[in-house]
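**Q** Quick one: the structure is below, questions incoming.
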Amino acid sequence: MQFFAILALVTAALAKPTSQAPRDIVVAECTPPSYACKPDFSGWLVCNVDGFYLDGGNCAPEAWCEYIDGLPYCIS
């Protein structure tokens, strides 16, 4: 019985993750630390350690993302 429990744990540890990216990753390569406005300027993106942009957040409903000194800011 212990053999099967250990075998199950080893199998689970060695299993490859699915090829689907988490849904909050925007498929665009970057170099951390980097930040960018979303394509629709509704918020900003943050570059993760794997070199892909993640959703950093949304601007307030009446605001939009704009670059100031090369960094994205929500302004209204």
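The values are calculated or read from the model by the stated rules, or taken from the named source; none is laboratory data. All values derive from a computational prediction rather than experimental measurement. Here the Cβ positions follow ideal geometry from the backbone for every residue, glycine too, while neighbour counts run over all protein chains shown.
**Q** Which residues, taken from the stretch 34-61, are part of a loop (DSSP other than H, G, I, E, B) and within 18 Å of S76 (Cα to Cα)? Outline the logic, then answer.
**A** Restricting attention to the stretch 34-61, the residues satisfying the condition of being part of a loop (DSSP other than H, G, I, E, B) are 34, 38-42, 48-51, 59-61.
If the condition is that a residue be part of a loop (DSSP other than H, G, I, E, B) and within 18 Å of S76 (Cα to Cα), then K38, P39, D40, F41, S42, C59, A60, P61 are the ones that fit.
**Q** Considering only the stretch 45-76, how many residues are among the hydrophobic types (A, V, I, L, M, F, W, C) and within 16 Å of the chain's Cα centre (by Cα)? Outline the logic, then answer.
**A** Residues of the stretch 45-76 among the hydrophobic types (A, V, I, L, M, F, W, C): 45-47, 49, 52, 54, 59-60, 63-65, 68, 71, 74-75.
Narrowing further to those that are within 16 Å of the chain's Cα centre (by Cα): 45-47, 49, 52, 54.
Total satisfying the criteria: 6.
**Q** Separate question: Would the stretch 16-30 turn up any residue that is in contact with a Phe, Trp or Tyr (Cβ under 8 Å, 6 or more places away or on another chain) and modelled with pLDDT of 90 or more?
**A** Yes, the stretch 16-30 contains a residue that is in contact with a Phe, Trp or Tyr (Cβ under 8 Å, 6 or more places away or on another chain) and modelled with pLDDT of 90 or more.
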